[in-house]
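Comments concern the structure below.
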Amino acid sequence: MPDPPPSTPAPQELEGDYRPAEGSAFDPANPRIEPADAAFLMKLNDTLNTTLDLQTLLNRTSELVRAVINYRIFAIFLLNERTRELRMRFQIGHTPQVERTRVPLGKGIVGQVALTRQPALLNDVSASEHYIPANPDVRSELAVPLIAKNHLIGVMDLESEEAGYFRPQHLHVLTVTASRIAQAIENARLYARVSRQAQTLEVLNEIAVELASILELNPLFERVGQLLRRLIDYQMFTIMLLDEKGEVLITRYAWRFGYAHAPMRRIPVTSGLVGAAVREWRPINVPDVHKDPRYLEMNSETRSELIVPLFYKGRVIGVLDLEHTRTGFFNEEHERMLTTLASQIAIAIENARLYQAVRRQERQLERDLAMAREVQLRLLPQAPPVHTNADLAVRFLPARTIGGDLYDFIEYGPDRTAIVLGDVSGKAAPAALFAALVSGIMRSAAQQPGAPTDESTSVGWKQLGPAQMLAHLNDALQERKLESQYVTLLFALWNDENRTLQVANSGAIQPLFCRAGQSITVQAEGFPLGMFPDVTYEEFNLATQPGDAIVFVSDGILDAENEKDEMYGQERLAQLLCANRDLPAQAIADEILADVTRFQGTHDRFDDETIIVLRVR
C-alpha cells in the first residue's frame, strides 16, 4: 500500500497574495484531502503503477503535474548518495548547460529543500539569499522534496518567468503527491538496479568463460580491455604486471581514447597509486587524482582513477588501472564489478603464462627430440652388410619421433654377421636412451673373447655366441638396473660360409622361416633382459638352403590393429613371406611394411615397426 499523504508542511517562503484558481478544490487553510485530491491521487497511482522504467515514469510524472499546474520549466533532481549531490535527471524548459549542473546539498533553492526536507514556494526568487540565478528570466519557483520511507530521493522543482505564478494550492497538490512520486521513482530505480545487476552477472559470466579460452597473453590483454567496456565506460585502461621479484609494475597493455597504446612504463611498488594498490592489497578509487599526493601524472587528462589488484593464489600479480577525464566518475558499483572480475582475469593471465611456458618447453622438447632422433638414426646401421650367400634388408618405422626398437648388424669376421633385433619397454626418449645403453654394451661385448675353440687349450678364443651374448647383456643390465625397464632381444649369428644361423632369444618375436612355400616358426624363447639375475639362454642352429627366406619382426608388426580392433598376426605374416620369398630381401621387407600399413588403414600406429629379412641366395 502507498504511504498515507502527509500534511502540508509550512513552506520556507510564502510571498504575495493567495488567490485560488477558478474552480479549484484546494483550500490552503484546510490541507485535508478533498474529493478532487482523492480523484487526482487515484489517477496518479494508476499512472505511476503501470511502469518500472525510470525515464517513462519521470515523463508521466511531468504530464500529471502539468495537468494541475501549467508550468513551462520543470525538473526532477535525484540525489547521489555517494557524492551528496543532486543531479537533474529529467527536465523541461532548461538549457543543456543547466541540465549538466550538479547541485550540492544546501546550495540553491533545490539544495536547501533537499537539506531541510521542507518545500519552498518563492513568489520572488530575487528576494531569497539561496537562489542561484541559472536562468535570469526566472521570477518564481516551487520546489518540494521527494521522500520515500523517510529516505530522501530527490527534489521536484518548477520555475516560472512570472512573479507570484505559483499558488498555495500548487504547493498543496505537489506535497500531497510527492511521497507517491518518490516511492514510484525508488521502485523504478530499484528495478533498474536489479536489472543492471542481473545483466552485469550475465556479462561477468560470459567474460569469465571467454577469458578462460584465450591462451595467448597479448590477445588476452586486448580482449580484457574490450570486455571491460561492456561494464564500465572508461576512457583509459592499463594492465600492469609485477616483475619476477615483485618489486616493479610493468605495463603490458594500455588503451587510450579508443586506441591501443604501449608505453613501456616501470613503476616501483613503493610509489604511485598503482603501487599503493599492490602494497595495501585493496582497490584504490580516487575521485580527483590531483588532490591525492600519491598520484604520479602519466596522463594529463586524467581526473579520476580506479585501480584493482590482481590476486592469484594469495599473491598480487599485477593491477587493472582505469582512468577517466571526469572527476568522481568511478563509483562503488564499478569497484565491485572490477573486483569480482579481477580474480577471473588473474586466473586467465596465469593460465596464459603457464601455456606459454609449456609451449616453450614443448618447442625445446621438439628440438631435443629431433636431435635425439638424429642421434638414434646415426646409431643404427645405415645399410645391412653384403654377403655372398645372403641378401639382407631392414625397414624401421618408429611410432613417434624416436622409437624404442633397436636393430643392429655386428661383424663377427669377414663371413659372419650378428643380426640383432630388440624392443625396449616404453616409448619415445626413455626407451631410445635405454636402447642406446643396450646397444653400447652389446657392441662392446662383441669385441670380447668368449669360450675357446679347443677346450683343451687356452688359444683360439672366439667372440661371444648368441646365448653367451644374451647372458652377458642380462648381467650388465642387472648391474645398471632401472625400475620397470627391460628389453626383449633376438640375437642371430649368420655364417655365410656354411649358410647356418645360430639363434638365441630373450622374449622377442620368434623368427619366421619359409622354405619351398612352407613356413616354420623358430621356437627360440627366453626371459627379457634386465628382469632376472643369473639367466641362461638356449641357442638354436638352423641350416639353410638357397631360396630360403627368414624374417625377424618387432611386436609392432604382429600387434598392428585395424579399425575392427583385429591384429595383423603371425599367420598373415607367414603367408605374405612365403608368397614373396623369391623377391629380393628389400622387396620382401617393403611388401610386408606396405601390407601392414594397408591393414591398419586409418587406425593410429601405436608401436614401432621393424622388419629384418634374410634371403639365402
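The values are calculated or read from the model by the stated rules, or taken from the named source; none is laboratory data. In this text the structure is predicted, and so the values were computed from the model without any measurement. Positions of Cβ are backbone-derived with ideal geometry, glycine not excepted, and every protein chain shown enters the neighbour counts.
Annotations for the structure displayed:
- Scope region 130-148; condition of a type in the set (A, V, I, L, M) and either crowded, with 22+ Cβ neighbours inside 10 Å or under 21 Å from T51 (Cα atoms) (or both); matching residues: L142, A143, V144, L146, I147, A148
- Residues (in a helix (DSSP H, G or I), within 56 Å of the chain's Cα centre (by Cα) and surrounded by fewer than 23 Cβ atoms within 10 Å (Cβ to Cβ)) located in region 465-504: A471, H472, D475, A476, L477, Q478, E479
A quick yes/no check of all residues on (1) surrounded by 14 or more Cβ atoms within 10 Å (Cβ to Cβ); (2) within 30 Å of G440 (Cα to Cα); (3) not small (G, A, S):
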site	(1), (2), (3)
V316	yes, no, yes
L320	yes, no, yes
T327	yes, no, yes
L338	yes, no, yes
L354	no, no, yes
R360	no, no, yes
A370	no, yes, no
P385	yes, yes, yes
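- Only one of A260, A188 that is in contact (Cβ under 8 Å) with a residue 12 or more places away in the chain and farther than 30 Å from H151 by Cβ: A260
- Residue within region 518-534 that is in a loop (DSSP other than H, G, I, E, B), out of contact with any Leu (no Cβ under 8 Å at 6 or more places or on another chain) and within 23 Å of W494 (Cβ to Cβ) present: yes
- Enumerated strands (runs of 3 or more DSSP E) restricted to region 149-256, each holding at least 1 residues that are assigned by TED's automatic domain parsing to the domain that holds I307, crowded, with 17+ Cβ neighbours inside 10 Å and not basic (K, R): 236-242, 248-256
- Exactly one residue among I550, I509, I557 is β-branched (V, I, T), in contact with a strand residue (DSSP E or B) (Cβ under 7 Å, 6 or more places away or on another chain), in a loop (DSSP other than H, G, I, E, B) and surrounded by 17 or more Cβ atoms within 10 Å (Cβ to Cβ), and that residue is I509.
- Of the residues making up region 465-490, those that are under 17 Å from G404 (Cα atoms) and touching a Pro at 6+ places or on another chain (Cβ under 6 Å) are Y486, T488.
- Strands (runs of 3 or more DSSP E) wholly inside region 51-124 that include at least 3 residues being closer than 14 Å to G154 by Cα: 73-80, 85-92, 102-104
- Verdict on E538 being charged (D, E, K, R) and under 57 Å from the mean Cα position of the chain (by Cα): no
- Criterion violated by I349 - all others in (1) surrounded by fewer than 22 Cβ atoms within 10 Å (Cβ to Cβ); (2) in a helix (DSSP H, G or I); (3) touching a residue at least 24 places away in the same chain (Cβ under 8 Å) satisfied: (1)
- In region 262-311, the qualifying residues are those that are of a type in the set (S, T, Y) and within 32 Å of the chain's Cα centre (by Cα), and the one that is surrounded by the most Cβ atoms within 10 Å (Cβ to Cβ) is S304.
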